[in-house]
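Presented below is the structure to which this report refers.
None of the figures in this text is laboratory data; all of them are computed from the coordinates on show. Everything numeric in this text was worked out from a predicted model, so none of it was measured. Please note: Cβ atoms are built from the backbone with ideal geometry, for glycine as well, and neighbour counts cover all protein chains shown.
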């Protein structure tokens, strides 16, 4: 009787999941009428299924650009050791559009929506040797089809807390995850969560982002416009910000007159830029318009992609956005430059944020009044360096296990 009830629950969650996927498709179609990102996803969603001559690939999937950054070293090392071509898929438009060309990757596409039909067609067509998922972007029809065809699936740089598939109603999807070949978690708590849910094919290896960030730091470029804008002033820089983050930053420089403000919005589009301009009564500059010009205002908006990382080195204080939305963005990039970092309340899913808060290196704040102006202590800088060093070269663990 219990088994019959469990099977019913599993069937129901699978049905709900598949209905949800079709609802997502409809939502994207509606949003594409007015939203550029949704339009790109909808327009290009089936290109991979429609393509020819893509087969026997090693497949990497990343939700967005951040997950790709964590996968780069794994991709590059696998390409050295394996003759198969590399396929990279993204779910989000921001990942696909802002991906920088990597000669080790042969094909880059949007992932078609995770319908049963798409999963069956795609897996049969591209015949992947294996799938690597960077992060937690699980699409369960694809996973089922890959497992059914005995194609190995590996998940790395993943983090688990209390996701829906660990709840009593998610057993059907959890059963699929239990058939994944191996999980490489970024924190020890995630490994414990998997073990608690009877997934033992996993190990804690650390944060794959660190190698990539150190490599990027060693190749930073000068940005003349930002250097000229800074002049002899102090800078507070908002990285990947949303509306609430902007408000905190604007309030800060209204109070702290010795600081200038640089804002790098998470979404660089006309609506976001207009919103910031409106808040500061147009008393600001766009980075794209500042070339060979003298800045008259104390606010600069970064309106170009692939600038933010190099901009961090010019900051005295960094505020990372997302803490009042779905979750904070990358705090390790400014920390590698030993910058004081502040962010909003939604950081609990990020092991590196918890570590840095416990070490009193970074701070969660709710208003501009809580932002401190002191530079990092020598001890704080040592702890940052220790964190990065501890997480170096860990991609080799994945390579040695899987290839």
Fewest-first ranking of 28, 60, using other Cβ atoms within 10 Å as the exposure measure:
28, 60
In Å, what Rg and Dmax follow from the Cα atoms of segment 2-206?
17.0, 53
Any idea how far the Cα center of segment 351-399 sits from the one of segment 216-231, in Å?
23 Å
Mind pulling the angle between the C-alpha long axis of helix 243-255 and the longest principal axis of the chain? Nearest 10 degrees, somewhere in 0 to 90.
20 degrees
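Which whole-number percentage describes the relative contact order of the chain, with Cα contacts under 8 Å and a sequence gap of 6 or more?
Value for the chain: 13 percent.
Order by neighbour count: 59, 139, fewest other Cβ atoms within 10 Å first, most last.
139, 59
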For segment 2-206, what does the relative contact order come out to in percent, with C-alpha contacts under 8 Å and a separation of six or more?
20 percent
Using Cα atoms only, what is the angle between the long axis of helix 378-390 and the major principal axis of the chain, expressed in degrees (0 to 90) to the nearest 10?
20 degrees
Helix 65-81: inclination vs the chain longest Cα principal axis, degrees, rounded to 10, gives 60 degrees
Rg and Dmax in Å for segment 290-345, alpha carbons only: what are they?
13.0, 39
For segment 244-290, the convex hull over Cα atoms projects on average to an area in nm² of 3.5 nm²
Here segment 223-390 gives, from Cα atoms, an Rg and Dmax in Å of 15.2, 46
Quick calc, residue 46 & residue 127: beta-carbon distance into FRET formula, R0 22 Å, rounding 0.05, result 0.75
When 392, 230, 278 are arranged by how many other beta-carbons sit within 10 Å of their Cβ, fewest first, they go 278, 392, 230
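So what is the diffusion coefficient of segment 25-118 in µm² per second by Stokes-Einstein at 37 °C and 0.692 mPa s, using a Kirkwood Rh over Cα pairs?
234 µm²/s
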